[in-house]
Amino acid sequence: MSTNAKVDYQAEKGGYYKVLIGLLILTTITFIQPSMFLTDATFVVQLLIGLIKAIIILFYYMHLKGETLIGWTVSFAVFIVIFFFSIVIYDVNNFQYVDESHISSATTSAGSPTAGHHSASSESSHTTSEHTSGASHEATHSEH
Amino acid sequence: MLQGFNTSGTVIAEHIQQALEINLWISLVLFASVAIPLVYLAWKYRENNVKDEDIQNVTHNTLLEIVWTVVPTITLFVCFWYGYTSMVTARTMPAIDDSIVVEVEGSKWKWRYEYPANESGFVHKLGGAYTKPVRDENGKLIEKGTMGKSALYVPVNTNIILNMTAPIDDVLHAFFIPAFRMKEDVVPGRITKQWFNSNQVGEYEIECAEYCGTDHSYMYSRVVVLPIAEYNTWFNSNEETPEGDYGNSGDAILQQHGCKSCHAVDSDKVLVGPALKTRRLTKEQVLDVIENGQEKLGYAMGAMPAGMAEGTDAEEIAAYVAGGMIGTQPASFAACSSCHGEDGKGQYGTSPSLVSYDVDLLRNVLKNGKEGMIGTMPAFPYVSDEEVSAIAEYLENTK
Amino acid sequence: MSDHAYVPEIATTRDGVEHEVQGWQGDFYGGKLGFWLFMLTEVLMFGAMFMVLTYYFTLHHQDYIDASASLNRVLGGFNTVVLLISALTMGLGLLKFRSGDVKGAKLMIWATIFFASLFLGVKAIEWSLEFHHGVFLGLDALQSGNAHSKPFGQILFFGMYFTMTGLHGFHIIIGIGLMLWLLKRINANKVTTDHHILYWNIALYWDLVHLIWVFVFPYFYMIGADAGGYNLPDIGSLFGGHNNEH
Amino acid sequence: MSKSYFDETHCAIGHPKTKVMQWLLTVDHKRIGVMYAAVMFTFFFIAIATAMAMRIELFAPGAQIMDGDTFNQAFTLHGVIMIFLFIIPGIPAVFGNIVMPLMIGAKDVSFPRLNWFTFWLYILGCLIALSSLWTGNGFADTGWTFYAPYSLNTNTNVITTLVAAFVLGMASILTGLNFLVTIHRLRAPGMGFFKMPLFVWGIYATAWIQLLATPVVGITLILAILEKYFGIGIFDPAKGGDPVLFEHLFWIYSHPAVYLMILPAFGIMSEIIPVFSRREIFGYRTIALSSASIAGIGYLVWGHHLFTSGMSDIAKTIFSFLTFFVAIPTGIKFYDWIATMYKGKVILETPMLWALGTIITFAIGGLTGVTIAMVGADIHLQDTYYSVAHFHYAILGGVVFLFFAGLHYWYPVVTGRMYNESVAKTAFWLNFVGINLLWFPMFIAGYYGMPRRYFDYLPEFEIYHQISGIGAIVILSGLLLMFWNFLSNWNTGELSGTNPWEGTTLEWHLPSSPPPLENHTKVPYVDFNPYEYHHGKPVVKFDYETMKRID
């Protein structure tokens, strides 16, 4: 297809303004949403709005509408990212013995000045392991 | 072959060994299915054995193609299955009640083991660095390297669970016992686990299998499987190591905190950490550093961790170091040598020489000042490098 | 390579049927395809960063919300609108150019450059405000083990915040450079209304920069916008993980 | 004699008069490919020198010629050069550039000036990598994998090396992008996807991997650099970061990178086997599609590098399962190649010898890969000499050997001359014996528990290291002989003519050898399959003036 052809400015500019207005409305929603509605799911709602905005930009500003080859490659790349997303996040979240094994922001890091890593970290991990290793043992079983 | 490689008697080793053997046979068959036709066809249709008219463009043979797709696929899934089941054996931890749980800490470059408290409430803490072999200039072996008493003592026919971790500012290691066919990474700040149960009394090498720096090749230790009675006697005593000829090294106690792998004690040599021979520090200063760690000197490699030695151990070390490191070295001094070297002279850029202040330490102290036990030294940032060298040389001569 | 018009070659079959050959010269679609492929790599790069961000989000919910709440939403929101308008001017510029209005197009490019610089200026103000609050790369708050240390989740959040907004800002700087270069090429008559693949691709690039911000903005600024009153969905649980608030 | 691409060229900027400037500024795909080869093989021999030093060090237990830290830097240098400077750009940058446009009947790649820029980006990356040898605290000692947190803690010059790897990654992306557009846009009329030579298929699959996997490692390296400069904490456990995440991100790229290396090599194999069997290839479509499917599945299996890193057991199982799916299309390819010899006429010239030898060595590399794809077996073999031997068999015995096969096969196209056949065969046998002597003992040592990256080892393993040491000398002599053969015949070898092997693909239908600047006189119309033989003779013939078929 030839996108190299001349276009009529007056005929096409309207589309750009419409898209702009759409995007502005969505941005406004982005702003008011956390204090207005669906506040239990801000993260999901925000990303959904982002997705809608992205699709509008892709289709109209970036002229993706009607481009099969490029469209497919874009979807493929996005699919790959999401795929990596899911597997990696699934996996590192399920690092064996999750309960005792995460580097978390628990109280150990925030309050302790000076270099106490050595003793502090090993101590805390030891104690937690005693508490939870029974549970994690069961977890290991149930996985199989 | 390493000691006990074929006779370690753990169920994991047996299962993985089985998987490896099945895989070996499958591999040989698959390899033959490639190599034999290859050689045969190359010979049968060799250049001067074929007339141009006889050449045929055979491009498909459905039956054959199905066969060489399906048969390897099946064999591969046999492999997968054995790989999977042997992993399940290795990864299914025994119940915690009928196991001994040992805490394992891997750090640069030593393994340490902490047992649960025994009847009298005593907690065994073992482990430490491997003593490197000593060689002369021509690389000839003068003294063999030894495991020392950096060993993991376990009873025979008992489930052992290892809770493994590394200090949060350390690096990755991997706890590998070839004879038991078991291995798992040790991740800073996280806990990984392994288990084993050996029915053969004996000693087996432990290696570090994840690259971890300078002494990666010396991060050995040893697991010693003892008869149950012998183990119990030791476990319920306050003895460092079991009676008997386990861990064939004399100076094991020195290894206990794994310090001497970094610090020089008898010489001024700078190992990983500074050498420890000095009169410039008071006993209180040394004690303070041992207890609270030290990170005020702006060294690139970071701080000395607190709590390397405790209680009487710490007292002993402090007295010894402050006394200029003359006389018999206390066993507990090993706590220092992992960073400051066997001779206490430390290592460039890591930890200060305790023998005397080296140029780097001087420059740092002069530039940044220093908060010490005996008060604060103000910074002299305008001292030039030449001047620093001159001062250092002067100090060297006055010693 | 040269300005004289490219005449496509003709390939002839055995039967004498002629087929036009696509050469690399003047291949508008090829240029566009190539640039899209390049943009895919950008998407993957930022995608990987979002992945890292999300991974730690599943571990440190509350820290993320707290950290997000402390960002300056007014300046961030202002920048969102600025970028939105700049995307419009860029698009209109290309439209004008394609319809033959070179002068109008150049004006629009200058407008885009203005908005881009505005964006950077606001960003600079934002960063310096954060610096004065003691939250900046290299400052104590984002180091571990001292009295000012923030919790792990916040250190990671701000680490990613500065990385991603920094890289995004870097893309904007590159974009300004590209637009200036484009103006030069237009003035030199190397980019003409018939041969505007460069303009087309730079417009695409600018849309991509905008597109990335469309996700960066809510992820960093909005998730903690009303930190007081609600719980986030536990996305960690979707991945079988657990969060550490127990 | 007509002018070849050695005599005239197009340049990126202006029309320079001197020969040197004409080479430095050239946009001609063939010249760029030749320059890539020159630079790459220089680095190849630097890396081999480091490897030899390590072999000498390991000849006996204890320190011989270097200490632990130097050894760590040596294997890092070896790995970084071999992986990032040599084998990843490898076949695509050399033969993808020289041969691929010829095969599809194009005048050049889609973006010749980008190609030129990419080459110099690659050179820049090389220089940055080398510069860290002499600056700062010496070359990185992290291993080529840069695992956090070691790479964050060490005070050697890791940042420089990371930057170099990033720049080289960019070059790799741009190469892939260029080839993708070229293959999509510039195929000669009539050449559908299933009329492309199989090497082009290999390059096509490779280009997708370059494009879609490299950015992930790119950003990982950037995060590591920022971590070292600013302490953003992403991979640093002391700030809550997760080292295992680094491993994931790293292998998301670096595992597909393995297929990025091997797929074009398989392409070379698929070119050589039918030509030297003088018959059509067995199962063209299967081979073409298996390239694509290996590229696809290759994305999903990175986790098998993490079987002992503490990954969840479910993930281990899934990754192990998926890994076996890579083996299936690979196996099918092997059987297809072997079946191609059936009822053909097998001509054992040097390229064919290399190809057949590679089937043996890569089969060993591949089958031992199956062993470590088994989770349980991998628990024992991970990070031992077994995996070292496995990937050297697969990469040297697979990719590099086929690279050499390609060097012999396309030598006449590039130079218009022929190397010395008997010297080349001697070199092959030295290499073939050498690789087995060098690496087979390591399988055994690894199985018995010899961990990798040890500069000193327990005396039990001495014998294996010594056999390896001898193998190293054998293979080195083979390599030196081979390259001496190439270099000494560059200007003086026998003239080869345009089609010495009776090949059928378009690079053998050029008007002269070496080819002229803009390749074929005219673009041909392709209405034939790539490997059409009839009774041992190529079917398709062209009139090289008009490029019309005359058969």
Inside the stretch D:389-424, can you point out the residues that are among the hydrophobic types (A, V, I, L, M, F, W, C), open to solvent by 20 Å² or more (accessible area, probe 1.4 Å) and more than 21 Å from D:Ser270 (Cα to Cα)?
D:Phe391, D:Met418, D:Val423
Scan the stretch A:26-58 for residues that are facing chain C (nearest Cβ under 9 Å), under 18 Å from C:Ala87 (Cβ atoms) and open to solvent by 40 Å² or more (accessible area, probe 1.4 Å) and report the count.
1
Please note which strands (runs of 3 or more DSSP E) are completely contained in the stretch B:172-216 and include at least 3 residues that are more than 7 Å from chain D (Cβ to nearest Cβ).
B:173-177, B:192-196, B:202-208
Would you please name the residue that is modelled with the lowest pLDDT, looking only at residues in the stretch D:444-465 that are open to solvent by less than 10 Å² (accessible area, probe 1.4 Å) and assigned to a helix (DSSP H, G or I)?
D:Phe461
Does the stretch D:318-327 contain any residue that is within 7 Å of another protein chain (Cβ to nearest Cβ) and open to solvent by 10 Å² or more (accessible area, probe 1.4 Å)?
yes
If we ask which residues in the stretch A:59-77 are surrounded by 13 or more Cβ atoms within 10 Å (Cβ to Cβ), without any contact (Cβ under 8 Å) to a residue 24 or more places away in the chain and either hydroxyl-bearing (Ser, Thr, Tyr) or at the interface with chain C (Cβ under 7 Å from one of its Cβ atoms) (or both), their number turns out to be 5
Looking only at residues in the stretch D:433-443 that are over 20 Å from D:Thr76 (Cα atoms) and buried (at least 22 other Cβ atoms within 10 Å of the Cβ), which one is nearest to the other protein chains (Cβ to nearest Cβ)?
D:Phe443
Within the stretch C:152-170, is even one residue within 30 Å of C:Arg73 (Cα to Cα), touching a residue at least 24 places away in the same chain (Cβ under 8 Å), of a type in the set (A, V, I, L, M) and more than 13 Å from chain D (Cβ to nearest Cβ)?
no
With the stretch D:1-98 as the region, which helices (runs of 4 or more DSSP H) entirely inside it contain at least 1 residues that are closer than 21 Å to D:Leu133 by Cα?
D:29-57, D:68-80
Any residue in the stretch B:34-41 that is within 30 Å of D:Ile318 (Cα to Cα) and out of contact with any Ser or Thr (no Cβ under 6 Å at 6 or more places or on another chain)?
yes
The residue that is nearest to the other protein chains (Cβ to nearest Cβ), considering only those in the stretch D:140-164 that are open to solvent by less than 10 Å² (accessible area, probe 1.4 Å) and hydrophobic (A, V, I, L, M, F, W, C), is D:Ala148
In this structure, does D:Leu506 turn out to be surrounded by 21 or more Cβ atoms within 10 Å (Cβ to Cβ), within 14 Å of another protein chain (Cβ to nearest Cβ) and among the aliphatic types (A, V, I, L, M)?
yes
Consider B:Pro167 against the criteria (1) within 18 Å of D:Pro149 (Cβ to Cβ); (2) more than 7 Å from chain D (Cβ to nearest Cβ); (3) crowded, with 24+ Cβ neighbours inside 10 Å: it satisfies all of them except one. Which criterion is unmet?
(3)
Go through the stretch D:490-530 and give me each residue that's more than 27 Å from D:Val27 (Cβ to Cβ) and within 24 Å of the chain's Cα centre (by Cα).
D:Trp501, D:Pro530
Any residue in the stretch C:217-225 that is part of a helix (DSSP H, G or I) and either more than 8 Å from chain A (Cβ to nearest Cβ) or at pLDDT below 75 (or both)?
yes
Specify the residue that is farthest from the other protein chains (Cβ to nearest Cβ); the eligible residues are those in the stretch B:80-111 that are buried (at least 20 other Cβ atoms within 10 Å of the Cβ) and of a type in the set (Gly, Ala, Ser).
B:Gly106
Residues that are in contact with a Phe, Trp or Tyr (Cβ under 6 Å, 6 or more places away or on another chain), under 22 Å from D:Ser277 (Cβ atoms) and without any contact (Cβ under 8 Å) to a residue 60 or more places away in the chain: does the stretch B:73-86 have at least one?
no
Residue check for C:Ile10: in contact with a strand residue (DSSP E or B) (Cβ under 6 Å, 6 or more places away or on another chain) and either more than 7 Å from chain A (Cβ to nearest Cβ) or modelled with pLDDT under 90 (or both)
yes
Which of the residues belonging to the stretch B:121-137 are part of a strand (DSSP E or B), within 14 Å of B:Glu105 (Cβ to Cβ) and open to solvent by less than 50 Å² (accessible area, probe 1.4 Å)?
B:Leu126, B:Gly127, B:Gly128, B:Ala129
Counted residues in the stretch B:155-171 being part of a loop (DSSP other than H, G, I, E, B) and touching a residue at least 40 places away in the same chain (Cβ under 8 Å) come to 7
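Yes/no per residue for (1) farther than 23 Å from B:Ser33 by Cβ; (2) touching a residue at least 12 places away in the same chain (Cβ under 8 Å); (3) away from chain A (no Cβ under 14 Å); (4) more than 26 Å from the chain's Cα centre (by Cα):
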position: D:Arg278; (1), (2), (3), (4): yes, yes, yes, yes
position: D:Gly283; (1), (2), (3), (4): no, yes, yes, no
position: D:Ser293; (1), (2), (3), (4): no, yes, yes, no
position: D:Gly296; (1), (2), (3), (4): yes, no, no, no
position: D:Trp302; (1), (2), (3), (4): yes, yes, no, no
position: D:Ser309; (1), (2), (3), (4): yes, yes, no, yes
position: D:Asp313; (1), (2), (3), (4): yes, no, no, yes
position: D:Trp337; (1), (2), (3), (4): no, yes, yes, no
Give the residues of the stretch C:32-71 that are more than 8 Å from every other protein chain (Cβ to nearest Cβ) and under 16 Å from D:Ala207 (Cα atoms), sorted by residue number.
C:Phe35, C:Met39
Might you let me know whether the stretch B:56-63 holds any residue that is open to solvent by less than 70 Å² (accessible area, probe 1.4 Å), assigned to a helix (DSSP H, G or I) and either more than 22 Å from B:Ile177 (Cβ to Cβ) or modelled with pLDDT of 90 or more (or both)?
no
Please determine, by comparing only the residues of the stretch D:509-531 that are of a type in the set (D, E, K, R) and either touching a strand residue (DSSP E or B) at 6+ places or on another chain (Cβ under 7 Å) or closer than 22 Å to D:Thr415 by Cα (or both), which one is nearest to the other protein chains (Cβ to nearest Cβ).
D:Lys522
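The values are calculated or read from the model by the stated rules, or taken from the named source; none is laboratory data. Given the structure is predicted, the values throughout are model-derived calculations rather than measurements. Using ideal geometry, Cβ is built from the backbone for each residue, glycine included, and neighbour counts are taken over all protein chains shown. Note: areas computed on protein heavy atoms with side chains; ligands, DNA, RNA excluded. Shrake-Rupley method; radii C 1.70, N 1.55, O 1.52, S 1.80 Å.
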